[in-house]
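See below for the structure under consideration.
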Amino acid sequence: MTAPTGREGVPAIDVQELYKSFGDLEVLSGIDFHVDPGEVVCVIGPSGSGKSTLLRCVNRLEEPTAGRILIEGDDITHPDANVDELRSRIGMVFQSFNLFPHLSVLRNLTIAQRRVRGRSKTEAREIARRNLDRVGLSDKVDAYPSHLSGGQQQRVAIARALSMDPDMMMFDEPTSALDPELVGEVLAVMRDLARDGMTMMVVTHEMAFAQEVGDRVVFMDAGVVVEEGPPSQVLTEPKHERTRRFLQMVG
Amino acid sequence: MTKRQQQRLIRSILYVLFAAGVVGIALLADWETTQRNFFNGELARQMFPDVLTIAARNTILYTFLAFSFGLAFGLLLALMRLSSIAPYRWLSTVYIEIFRGLPALLTIFLVGIGIPIAFGTRWPTLVTITLGLGIVAAAYMAETIRAGIEGVPKGQMEAARSLGMSYTWAMVSIIIPQGFRIIIPPLTNELVLLIKDTSLLFVIGTTPASKELLKFGRDLLNTNANATPLIVVGAVYLMITVPLTQLVRVLERRNARSR
């Protein structure tokens, strides 16, 4: 399985004029947003700003109300789109980990590889072990999720997503459900990923991480992108009043 | 007198009244006649081994068949009920409402006389029995299974779909296995109810070899004019149901540990 990685001039994620409403509530009001191959984009903003909804629309966990989303040039919002195939190119990491509690760590990592990628048991296991090693949990192969700490569970979740050999990774507030002392280990894994050139879209409240690892920071508020740019600019000398106020609040 | 002493006094009086009641009933009863009619050792002995090799065997077999059918069909109904396709939902809802609302005896009876009329031939007894009991069981189990599936956190489906799994495969490998863990206790309840409901099967007619426990006991009651067979049969029912509920308690505890 060789997925196209970084086609020339084609963004990994290209969101065009995206609208999303829940009933009468408009959560996204015309978003234009893209992530280039190899780029790490951190999306920040107050809760309720629509940043998680944007991320969830990208792999169609939420159905957009209007607009287009291209994954490496392929329209995932098109009625005929092979959504399962497109999703398998996007690794997704959730705030609440969402490991499969009835399966061992190894099976968590192999089940989709075997089913979706059609890999053999041996191959899937080998890839799983390699990715567990990558997140520093090779000794937890046979453990069950409930026996792991939150930080370990999230690292397993990252390894699970990586085992699909995705072209890009999306993180939906990956450290928000963690005890403070466990945040570091997860961020360290993400930092390594970024260093290895992984394309990443990260919705986060960790400003230090965005500053250090992000190639670009996008600030969202009330369903629109207020401003974006390099972290040094957006986080230290924001142009907009709303960004300034938000940054003051999160300290 | 303090409030505590008062309470203790009231409790003591209640105990005395309860004990007096039990003793009174025991004294009023005609023990000799009762024993002759309900605990006739000779008659009880004659029931063996048939009560186990025929009656209990049939009860277990019928329960197993109806439970398997009910589980499979109930799962289908539950998935229809959760489907995004409205006619599936309606169909399933109507089915569930009808067969939960009718007495099981009526349904079994209708299946028993309905099949020969509708299809012109008698179907094998085991098929009729499986359908008669299973049709009702499926309706109850469908609701239990639906609750189990809905009890699985939404994030599980999202995680599975995000990995590229199809809806069906996510259901089969991620959601349903977890749902069933949740519903082991209520499902056992259905099983125990089903064991007892096999006693309704007499309405579709039996041969000596196809009698289940209660029919077996009642026939002996009639031929001997003695109620001992009912006592024996009751004991056999308990021998089946009590270990079952205990087993489930163990499973439940183990399950709670592994989560």
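Do we find a residue being in contact (Cβ under 8 Å) with a residue 12 or more places away in the chain, crowded, with 17+ Cβ neighbours inside 10 Å and within 14 Å of chain B (Cβ to nearest Cβ) anywhere in region A:34-52?
The answer is yes; a qualifying residue exists.
So which residues in region B:41-55 are open to solvent by 10 Å² or more (accessible area, probe 1.4 Å) and of a type in the set (A, V, I, L, M)?
Listed by number, the residues that qualify are B:43, B:44, B:52, B:54.
Give me a count of the residues in region A:179-225 that are closer than 18 Å to residue A:249 by Cβ, touching a helix residue (DSSP H, G or I) at 6+ places or on another chain (Cβ under 7 Å), surrounded by 20 or more Cβ atoms within 10 Å (Cβ to Cβ) and not acidic (Asp, Glu).
Residues that pass the stated criteria total 7.
May I ask you to list the residues in region B:122-159 that are within 14 Å of chain A (Cβ to nearest Cβ) and surrounded by 24 or more Cβ atoms within 10 Å (Cβ to Cβ)?
Listed by number, the list holds a single entry, B:159.
Here is a check on your reading of the model: is residue A:29 closer than 15 Å to residue A:204 by Cβ, touching a Gly at 6+ places or on another chain (Cβ under 8 Å) and small (Gly, Ala, Ser)?
No: the conditions fail for residue A:29.
State yes or no: is residue A:59 modelled with pLDDT of 95 or more, crowded, with 17+ Cβ neighbours inside 10 Å and among the polar types (S, T, N, Q)?
Judged against the criteria, residue A:59 is not a match.
When you scan region A:140-166, how many residues do you find that are within 12 Å of another protein chain (Cβ to nearest Cβ) and over 17 Å from the mean Cα position of the chain (by Cα)?
The number of residues fulfilling the criteria is 5.
Sort out which residues of region B:61-108 are surrounded by fewer than 13 Cβ atoms within 10 Å (Cβ to Cβ) and among the polar types (S, T, N, Q), and write them in order of number.
Listed by number, the list holds a single entry, B:84.
Checking residue A:171 against (1) assigned to a helix (DSSP H, G or I); (2) open to solvent by less than 10 Å² (accessible area, probe 1.4 Å), which test does it fail?
(1)
Could you say which residue among A:176, A:163 is surrounded by fewer than 22 Cβ atoms within 10 Å (Cβ to Cβ) and of a type in the set (Gly, Ala, Ser)?
It is A:176.
Would you say residue A:243 is over 27 Å from residue A:97 (Cβ atoms), among the β-branched types (Val, Ile, Thr) and open to solvent by 60 Å² or more (accessible area, probe 1.4 Å)?
Judged against the criteria, residue A:243 is not a match.
Looking only at region B:163-173, decide whether some residue is assigned to a helix (DSSP H, G or I), more than 14 Å from every other protein chain (Cβ to nearest Cβ) and touching a residue at least 24 places away in the same chain (Cβ under 8 Å).
no
Here is a list of conditions, (1) crowded, with 22+ Cβ neighbours inside 10 Å; (2) outside any helix (DSSP H, G or I); (3) more than 10 Å from chain A (Cβ to nearest Cβ), and residue B:198 meets all of them except one; can you say which number that is?
For residue B:198, the failing item is (2).
Go through region A:88-139 residue by residue and tally those that are more than 13 Å from chain B (Cβ to nearest Cβ), surrounded by fewer than 20 Cβ atoms within 10 Å (Cβ to Cβ) and of a type in the set (A, V, I, L, M).
Total satisfying the criteria: 1.
When you look at residue A:58, is it within 12 Å of chain B (Cβ to nearest Cβ), within 21 Å of the chain's Cα centre (by Cα) and closer than 21 Å to residue A:175 by Cα, yes or no?
The answer is yes for residue A:58.
I need the full set of residues from region B:174-195 which are open to solvent by 20 Å² or more (accessible area, probe 1.4 Å) and at the interface with chain A (Cβ under 9 Å from one of its Cβ atoms), in order please.
Of everything in region B:174-195, those that are open to solvent by 20 Å² or more (accessible area, probe 1.4 Å) and at the interface with chain A (Cβ under 9 Å from one of its Cβ atoms) turn out to be B:177, B:181.
Scan region A:71-87 residue by residue and report those that are surrounded by fewer than 20 Cβ atoms within 10 Å (Cβ to Cβ) and either more than 17 Å from residue A:31 (Cα to Cα) or in contact (Cβ under 8 Å) with a residue 24 or more places away in the chain (or both).
A:73, A:74, A:78, A:79, A:80, A:81, A:82, A:83, A:84, A:85
Suppose the filter is without any contact (Cβ under 8 Å) to a residue 12 or more places away in the chain and either among the polar types (S, T, N, Q) or farther than 19 Å from residue B:150 by Cβ (or both); does residue B:123 pass it?
So residue B:123 fits the description; yes.
State the number of residues belonging to region B:109-119 that are open to solvent by 70 Å² or more (accessible area, probe 1.4 Å) and either among the aliphatic types (A, V, I, L, M) or under 16 Å from residue B:202 (Cα atoms) (or both).
5
The values are calculated or read from the model by the stated rules, or taken from the named source; none is laboratory data. What you see is a predicted model; the values in this text were computed from it and never measured. Cβ: placed from backbone, ideal geometry, glycine included. Neighbour counts: every protein chain shown. Surface areas here come from the heavy atoms of the whole protein model, side chains and all, with no ligands, DNA or RNA. Shrake-Rupley method; radii C 1.70, N 1.55, O 1.52, S 1.80 Å.
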